[in-house]
Amino acid sequence: MKMYKLFTICFVMITSLLQAQDYFPANGEWEERDASQFKINKERLSRAVDFAEGNEYTGSRDLRQAILKGFEQEPFHEISGPTKKRGGPAGMIIKDGYVISSWGDTQRVDMTFSVTKSFLSTTGLLALQEGLIANAGEKVAQYVWDGTFDGEHNSKVTWQHLLDQTSDWSGNLWGGYDWADRPPSTGGLDDWRNRQLNEPGTVFEYNDVRVNLLAYSLLQVWRQPLPKVLKERIMDPIGASPTWRWFGYENAWVDIDGLKMQSVTGGGHSGGGLFINTEDMARFGLLFARNGKWEGEQLLSEELIEEAIQASPANENYGYMWWLNQKGSRHWEGLPEHIFYAAGFGGNFIIIDREQDLVIVTRWLEPSKIAEFTKLVYEAL
C-alpha cells in the first residue's frame, strides 16, 4: 500500500510538471494566474514588485543624453544609431508559462541595450544549428575573407571567441576602434592604441566594437539581415508582437549578393540595438527556460543552448553573451547558481531559471539593485 501511495504521489508530481510545461502563451495573449496557485507568497511577491517600481534607474529618461553621459570617458564616442526616450519601470514574472505578476507598461517598446547581445548570439546558435557554421571553434577568417580577419593576430579569432567576448580582435568597424571602446581607467590615447594584444580566447573584455563585428560576420554567413533571421526562426514562432525592431548604425550598410543590407548592433552603446517591449522579452526568455522548445517544436537545439550557457575559460560568469550566476566576480550571493540572464544598460534584465520554470523581466531598475530585487522574488517562492 505504501509503495502504491508513493507511486501515486510521484505520478501526480510528474503529471503536474508535464502539464505546466505544456502551456505556452498564444499570439497576442498571455494567461494570468494567481501566485497562490503555485504556493507563492503573494505578499512577498508584492514587496519585490514595489521594490522594482521604487528603484527606477537614476539616469535620464532621454536615453540619448543618458548614453552620452554614461560613456563620456570614451574617446571619439558619438551617437550613430537611433535612440528613443524611455518609459518608467516595467516588468513581468512568469511561472510555468503563466503571468503571476506584472508592473508598468509591458507593451511599451523601449531600447534594451546589451540585452540585444543574447538575441544576437541566438542568431549565431541558429547558424550552427543549420550548418552554416560547422562548429564554434572554427576560424572566422574561413567564412569572412574580406580582410576583416587578416593578419597574424586577427586570423586566430574563432566564432567562440566572438561569442564569449575573448577575441581581442584589433581594428576599426563602422568608425569605432576596438581600443577606444571602454578604455582602461589609466593611460591615454597612445597607451590604449599601442596596447599589447592578448592571445584570442585568454582574456575576457566587454567590447561593443567586437560584438558588432560578430553581427557583421554572421551577416556574411546568413547573407540576409539578422532581424529577418530572428523574426522568421524565433520571434514569429513564439508569438512575439510585430512592434520590435533591431537597428544598426547609419553607416553600417554592406552590399551582399547585390543587395544593400544593414549590419545591426549588439547593443545601444552608440544608439541602435533592439527596441522591444517587455512581453516580447518574456517570450524570448520562456523559450530558453523551455530549452528551445515552443508548442512541441524545437526552435533551438537543446544541446546548443547548453553550449551557450557554459562558462568561458576566461570568465566563469559569461557564456555566449549570457551572464551566468556561478561563483565568481559577478555572482549574486544567495541565489541559485544555475540561473542565467541577459543584462543591458539602464537596468534591463531577462533572468531565466529552468529548474523553477521561471522567467523574470525587469526594465529600468537601478542596476546595482538587481540582486536585491531578485532575492525578494525568490523569497516569495
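Some observations on this one:
- Residue in region 108-123 that is over 19 Å from the mean Cα position of the chain (by Cα) and at pLDDT 95 or above present: no
- Residue 244 being modelled with pLDDT of 95 or more, among the aromatic types (Phe, Trp, Tyr) and over 20 Å from residue 92 (Cβ atoms): no
- Residues in region 352-381 that are of a type in the set (S, T, N, Q) and either without any contact (Cβ under 8 Å) to a residue 12 or more places away in the chain or more than 24 Å from residue 292 (Cβ to Cβ) (or both): 368 alone.
- In summary, helices (runs of 4 or more DSSP H) completely within region 176-263 and bearing 1 or more residues that are in contact with a strand residue (DSSP E or B) (Cβ under 7 Å, 6 or more places away or on another chain) and in the same structural domain as residue 134 (by TED's automatic domain parsing) occur at 208-222, 226-230.
Condition check ((1) under 30 Å from residue 158 (Cα atoms); (2) buried (at least 19 other Cβ atoms within 10 Å of the Cβ); (3) touching a residue at least 60 places away in the same chain (Cβ under 8 Å)) across all residues:
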| position | (1), (2), (3) |
| --- | --- |
| 279 | no, yes, yes |
| 290 | yes, yes, yes |
| 339 | yes, yes, no |
| 350 | yes, yes, yes |
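- Residue that is surrounded by the fewest Cβ atoms within 10 Å (Cβ to Cβ), among those in region 97-134 that are in contact with a Ser or Thr (Cβ under 9 Å, 6 or more places away or on another chain) and assigned to a loop (DSSP other than H, G, I, E, B): 107
- Matching residues, region 150-172, being in a loop (DSSP other than H, G, I, E, B), of a type outside the set (D, E, K, R) and in contact (Cβ under 8 Å) with a residue 60 or more places away in the chain: 165, 166
- Some residue of region 195-207 being β-branched (Val, Ile, Thr), surrounded by 14 or more Cβ atoms within 10 Å (Cβ to Cβ) and touching a helix residue (DSSP H, G or I) at 6+ places or on another chain (Cβ under 9 Å): no
- Any chance residue 53 is farther than 25 Å from residue 293 by Cα, in a helix (DSSP H, G or I) and among the acidic types (Asp, Glu): yes
- Hits in region 135-147 - residues which are assigned to a helix (DSSP H, G or I) and either surrounded by fewer than 17 Cβ atoms within 10 Å (Cβ to Cβ) or touching a residue at least 24 places away in the same chain (Cβ under 8 Å) (or both): 140, 142
- Scope region 224-235; condition closer than 15 Å to residue 292 by Cα and either surrounded by 19 or more Cβ atoms within 10 Å (Cβ to Cβ) or modelled with pLDDT under 95 (or both); matching residues: 230, 234, 235
- If the condition is being out of contact with any Pro (no Cβ under 8 Å at 6 or more places or on another chain) and surrounded by 19 or more Cβ atoms within 10 Å (Cβ to Cβ), then region 236-253 contributes 238, 240, 244, 248, 249, 252.
- Near pairs, Cβ below 7 angstrom, 6+ apart or cross-chain, from region 173-189 (at positive phi) to any residue that is among the acidic types (Asp, Glu): 182/74
- Just so you know, in region 42-101 the residues that are of a type in the set (A, V, I, L, M) and either free of Cβ contacts under 8 Å to residues at least 12 places away in the same chain or out of contact with any helix residue (DSSP H, G or I) (no Cβ under 7 Å at 6 or more places or on another chain) (or both) include one that is nearest to residue 355 (Cα to Cα), and it is 99.
- Scope region 252-273; condition more than 18 Å from residue 178 (Cα to Cα) and among the β-branched types (Val, Ile, Thr); matching residues: 254, 256
- Within region 292-310, restricting attention to residues that are without any contact (Cβ under 8 Å) to a residue 12 or more places away in the chain and under 17 Å from residue 25 (Cβ atoms), the residue that is surrounded by the fewest Cβ atoms within 10 Å (Cβ to Cβ) is 296.
- Failed item, numbered, when residue 329 is tested on (1) more than 17 Å from the chain's Cα centre (by Cα); (2) closer than 25 Å to residue 123 by Cβ; (3) not acidic (Asp, Glu): (2)
The values are calculated or read from the model by the stated rules, or taken from the named source; none is laboratory data. Keep in mind that this is a model prediction, so the values were computed, not measured. So basically every Cβ, Gly included, is an ideal-geometry build from the backbone, and we count neighbours across all protein chains shown.
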